[in-house]
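A.B. asks: Attaching a single structure in C-alpha cells format; questions to follow.
The values are calculated or read from the model by the stated rules, or taken from the named source; none is laboratory data. All values reported here derive from a predicted model rather than from experimental measurement. Reconstructed Cβ throughout: ideal geometry from the backbone, glycine too, with neighbour counts over all protein chains shown.
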Amino acid sequence: MDTSDPDLLPEGLEDRLPREAAAATRVMRTIHGVMEGHGYDRVLPPMIEFERSLASRMAGISSRRMFRFVDPQSLRMMALRSDITPQIGRIAGTRLSAAPRPLRLCYAGQVVTIKGAGLDPAREKLQCGAELIGVDNVAAAAEVVAVAIEALQAAGATGVSVDFTLPDLVDTLAAEALPLDAAQVGAVRRELDSKDAGGLVDAGGAAYVPLLYATGDFASAIDKLAAIDAGGVLAGRIAALREIAARLDGRARLTLDPAERHGFEYQSWFGFTLYAEGVRGAVGRGGTYRIAAPDGSAGADGEVATGFSLYPDALIDLIAASESAADKLFLPLGHDRAAAERLRAIGWRTVAALTEADTAAQLGCSHVLGPDGPQSL
C-alpha cells in the first residue's frame with residue numbers, strides 16, 4: 001500500500017461525497033420508516049463495546065473480524081462492532097429483558113471489519129435491520145421477510161428476489177433420516193456449500209447429492225425437496241416454507257437453495273438472502289436464531305428471535321449514480337428573507353450569496369430567487 005500521500009484512506013474505506021451521502025441518508029431514513037411503520041422501535045447501541053460481549057453474544061461472530069484495542073480506563077479489551085445483531089441481543093436480554101414479548105426492535109449504523117469479504121473489499125458498511133424477539137413461528141418469519149422486502153423496495157430497489165434456505169438441514173437429516181458420523185457432518189456441509197457432487201460422495205454424503213438439484217424457482221424447488229424428503233423428517237419445514245411463500249403473495253421473486261449455509265452460521269431452521277436488480281451480490285440476509293447468553297452459549301435456553309440485516313451500500317451507489325442533481329435556489333445579496341424562509345418550509349434548498357462575486361452558476365444552483373419567486377436558470 002502506498003503511504004506517501006498522507007490523505008490516502010486505508011484500503012476498504014471511503015468518503016461519501018454530497019450526492020452519495022444524500023442518497024445514503026434518504027435510504028436509511030426510508031428503511032427505518034418502513035420498520036417503524038410495522039411497530040419496530042429503534043435502538044442505538046454504541047460503536048464500541050467490550051470484546052467479550054461482542055464476540056460471545058452470537059455464535060458465528062468471530063473476534064478475529066473485529067478491530068480490537070485496550071481501553072485505557074478499564075484496561076480491558078475493547079472491540080469495534082462488526083455486526084449490530086449481537087448488540088440487539090444484549091439489549092433484549094438485559095435492559096429490555098422485562099419488556100413484553102414479542103419485542104420488535106430495529107437499528108441502523110456503521111459496522112467495520114478488519115478485512116473485506118470475498119470480492120468485496122469494503123471494510124465499513126451501513127447495516128440496517130430489525131429483530132422480532134420472543135417468537136419463532138411461521139407468522140414471525142413471514143412478517144420479517146415481508147418487512148425486509150418492503151423496506152428495500154421503498155428505498156428504491158427493483159427486481160427484489162428472496163432465496164430461502166434451511167440452515168439446519170444437514171443436522172436434521174444426519175440425526176436419523178440420512179445418518180452421518182459426527183466427523184462427516186462438517187465435510188458434508190462444506191461440499192453442499194460448494195455444490196460439489198463428487199466431493200459429497202467422497203465425504204460419505206452420497207445420499208445428500210439430490211439436495212444439490214432441489215434449487216431454483218421456489219415452486220419447483222420445494223416440490224423437488226418434498227419428493228426427496230427422507231422419511232418425512234422435513235415435512236414441517238417444507239410446510240412452513242410453503243406458508244411463508246403464500247403469505248408474501250407475489251411481493252418478490254422467490255427461490256430456494258435448501259442446503260446453503262454460508263452466512264447462516266447462527267440461524268436455526270429458516271434463513272433467507274435478499275437480492276436486487278442491478279446490485280452486485282446480496283443486499284441482505286436474515287432468518288431464525290437463538291440469542292446467545294453472555295458466555296456464548298445458545299442451545300435450548302437462548303431466547304428465540306427472527307430478524308434481518310440489510311447492507312444497502314451498493315444500492316445507494318446505484319441510486320446516487322442514476323439521480324439527477326437536486327434543485328437548489330440561489331439567494332442574491334439583499335434577498336427577501338421571509339420569502340426564502342417560506343420556500344424552505346415547502347421543501348426548497350437555498351444557497352445564500354455571501355459576497356458580490358457569488359453567482360448561481362458558480363454555486364451549482366438550478367434556480368434564482370427573483371421578485372416573483374424562484375426562476376429557473
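A.B. asks: Please determine, by comparing only the residues of region 65-87 that are out of contact with any Lys or Arg (no Cβ under 9 Å at 6 or more places or on another chain) and outside any loop (DSSP other than H, G, I, E, B), which one is farthest from Gly284 (Cα to Cα).
C.D. replies: Phe69
A.B. asks: If I ask for residues that are farther than 19 Å from Val27 by Cα, out of contact with any strand residue (DSSP E or B) (no Cβ under 6 Å at 6 or more places or on another chain) and not in a loop (DSSP other than H, G, I, E, B), which ones from region 101-122 would you list?
C.D. replies: Correct list: Ala117, Asp120.
A.B. asks: Can I ask one more? Give the residue, chosen from Ala252, Ala282, Ala246, Ala276, that is surrounded by fewer than 20 Cβ atoms within 10 Å (Cβ to Cβ), among the small types (Gly, Ala, Ser) and within 22 Å of Asp313 (Cβ to Cβ). Steps first, please.
C.D. replies: On the way: Ala252 fails: surrounded by fewer than 20 Cβ atoms within 10 Å (Cβ to Cβ); Ala246 fails: within 22 Å of Asp313 (Cβ to Cβ); Ala276 fails: surrounded by fewer than 20 Cβ atoms within 10 Å (Cβ to Cβ).
Unique residue meeting the criteria: Ala282.
A.B. asks: If I filter region 109-141 down to residues being among the polar types (S, T, N, Q) and surrounded by fewer than 18 Cβ atoms within 10 Å (Cβ to Cβ), which single residue comes out as nearest to the chain's Cα centre (by Cα)? Before you say what the answer is, go through the steps one by one.
C.D. replies: The first filter runs over region 109-141 and keeps only residues among the polar types (S, T, N, Q), leaving 110, 113, 127, 137.
Still in the running and surrounded by fewer than 18 Cβ atoms within 10 Å (Cβ to Cβ): 110, 137.
Details: Gln110: 11, Asn137: 21 Å.
Restricting to residues being among the polar types (S, T, N, Q) and surrounded by fewer than 18 Cβ atoms within 10 Å (Cβ to Cβ), the top hit is Gln110.
A.B. asks: Could you list, ordered by first residue, the pairs with Cβ atoms under 6 Å in which the first is in region 209-235 and at positive phi and the second is part of a loop (DSSP other than H, G, I, E, B) and surrounded by fewer than 16 Cβ atoms within 10 Å (Cβ to Cβ), at least 6 apart or interchain?
C.D. replies: Partner pairs satisfying both residue conditions: Gly231/Ala177.
A.B. asks: Just to check your reading of the model, which residue among Arg344, Arg337 is under 39 Å from the mean Cα position of the chain (by Cα), more than 30 Å from Leu274 (Cβ to Cβ) and at pLDDT 95 or above?
C.D. replies: On the way: Arg337 fails: under 39 Å from the mean Cα position of the chain (by Cα).
The conditions single out Arg344.
A.B. asks: Determine whether Leu166 is hydrophobic (A, V, I, L, M, F, W, C) and more than 19 Å from Ala240 (Cβ to Cβ). Spell out the reasoning first.
C.D. replies: Details: hydrophobic (A, V, I, L, M, F, W, C): yes; more than 19 Å from Ala240 (Cβ to Cβ): no.
Judged against the criteria, Leu166 is not a match.
A.B. asks: May I pose another question? Could you list, in sequence order, the residues of region 183-196 that are closer than 25 Å to Ser161 by Cβ and assigned to a helix (DSSP H, G or I)? Spell out how you get there, then give the answer.
C.D. replies: Pass one, region 183-196, residues closer than 25 Å to Ser161 by Cβ: 189, 192-196.
Hits for region 183-196 are Arg189, Leu192, Asp193.
A.B. asks: Within region 19-53, work out how many residues are part of a helix (DSSP H, G or I) and either at pLDDT 95 or above or under 23 Å from Leu310 (Cβ atoms) (or both). If you could, list the steps in order and put the result at the bottom.
C.D. replies: Taking region 19-53 first, the residues part of a helix (DSSP H, G or I) are 19-37, 51-53.
Pick out the ones that are also either at pLDDT 95 or above or under 23 Å from Leu310 (Cβ atoms) (or both) and you get 19-37.
So the answer is 19.
A.B. asks: In region 88-100, which residues are part of a loop (DSSP other than H, G, I, E, B) and either crowded, with 16+ Cβ neighbours inside 10 Å or in contact with a helix residue (DSSP H, G or I) (Cβ under 7 Å, 6 or more places away or on another chain) (or both)?
C.D. replies: The initial filter retains those residues of region 88-100 that are part of a loop (DSSP other than H, G, I, E, B), namely 94-100.
Passing the criteria: only Leu96.
A.B. asks: Report, ordered by the first and then the second residue, all pairs with beta carbons closer than 8 Å, sequence separation of six or more or different chains, a first member in region 79-107 that is free of Cβ contacts under 8 Å to residues at least 60 places away in the same chain and under 18 Å from Cys128 (Cβ atoms), and a second member that is of a type in the set (Phe, Trp, Tyr) and outside any loop (DSSP other than H, G, I, E, B).
C.D. replies: These pairs meet every condition: Gln87/Tyr107.
A.B. asks: Where the second residue is aromatic (Phe, Trp, Tyr) and at pLDDT 95 or above and the first is within 16 Å of Leu363 (Cβ to Cβ) and lies in region 321-348, which pairs have Cβ atoms under 8 Å and are six or more apart or on separate chains?
C.D. replies: Listed by first residue and then by second, the contacts come to Asp327/Trp348; Leu329/Trp348.
A.B. asks: List every residue pair whose Cβ atoms sit under 8 Å apart, with the two residues 6 or more apart in sequence or on different chains, where the first one lies in region 32-57 and is within 8 Å of Gln87 (Cβ to Cβ) and the second, anywhere, is small (Gly, Ala, Ser).
C.D. replies: Going by the 8 Å Cβ cut-off, the qualifying pairs are Pro45/Gly109; Glu49/Ala79; Leu54/Ser63; Leu54/Ala79; Leu54/Ser82; Arg57/Gly89; Arg57/Ala292; Arg57/Gly296.
A.B. asks: Condition (residue is on the phi > 0 side of the Ramachandran plot, at pLDDT 95 or above and crowded, with 18+ Cβ neighbours inside 10 Å) applied to region 153-160: is it met by at least one residue? Break it down into steps so the answer makes sense when it comes.
C.D. replies: Initially, region 153-160 is screened for residues on the phi > 0 side of the Ramachandran plot, giving 156, 159.
Narrowing further to those that are at pLDDT 95 or above: 156, 159.
Imposing the further condition that a residue be crowded, with 18+ Cβ neighbours inside 10 Å reduces the set to 156.
Yes - at least one qualifying residue is present in region 153-160.
A.B. asks: Show me the strands (runs of 3 or more DSSP E) found entirely inside region 211-310 where at least 1 residues are of a type outside the set (A, V, I, L, M, F, W, C), within 12 Å of Thr165 (Cβ to Cβ) and modelled with pLDDT of 95 or more.
C.D. replies: Those strands (runs of 3 or more DSSP E) span 253-256, 267-275, 284-291.
A.B. asks: Let me ask something else. Take the residues in region 189-218 that are of a type in the set (Gly, Ala, Ser) and in contact with a helix residue (DSSP H, G or I) (Cβ under 8 Å, 6 or more places away or on another chain), then tell me which one is surrounded by the most Cβ atoms within 10 Å (Cβ to Cβ). Spell out how you get there, then give the answer.
C.D. replies: First pass over region 189-218, keeping only residues of a type in the set (Gly, Ala, Ser): 194, 197-199, 203-207, 214, 216.
Keeping just the survivors that are in contact with a helix residue (DSSP H, G or I) (Cβ under 8 Å, 6 or more places away or on another chain) gives 197, 199, 203-207, 214.
On the way: Ala197: 16, Gly199: 15, Ala203: 21, Gly204: 16, Gly205: 25, Ala206: 13, Ala207: 18, Ala214: 20.
Among those residues, the one meeting the criterion is Gly205.
A.B. asks: Restricting the search to region 103-134, which residues are within 20 Å of Asp41 (Cβ to Cβ) and acidic (Asp, Glu)? It would help to see each step written out before you state the result.
C.D. replies: Applying the first criterion (within 20 Å of Asp41 (Cβ to Cβ)) to region 103-134 yields 103-109, 126-134.
Within region 103-134, Glu131 is the sole residue that qualifies.
A.B. asks: I've got another one for you. Which condition breaks for Ser56 when tested against (1) out of contact with any Lys or Arg (no Cβ under 7 Å at 6 or more places or on another chain); (2) surrounded by fewer than 19 Cβ atoms within 10 Å (Cβ to Cβ)?
C.D. replies: Here Ser56 clears every test but (2).
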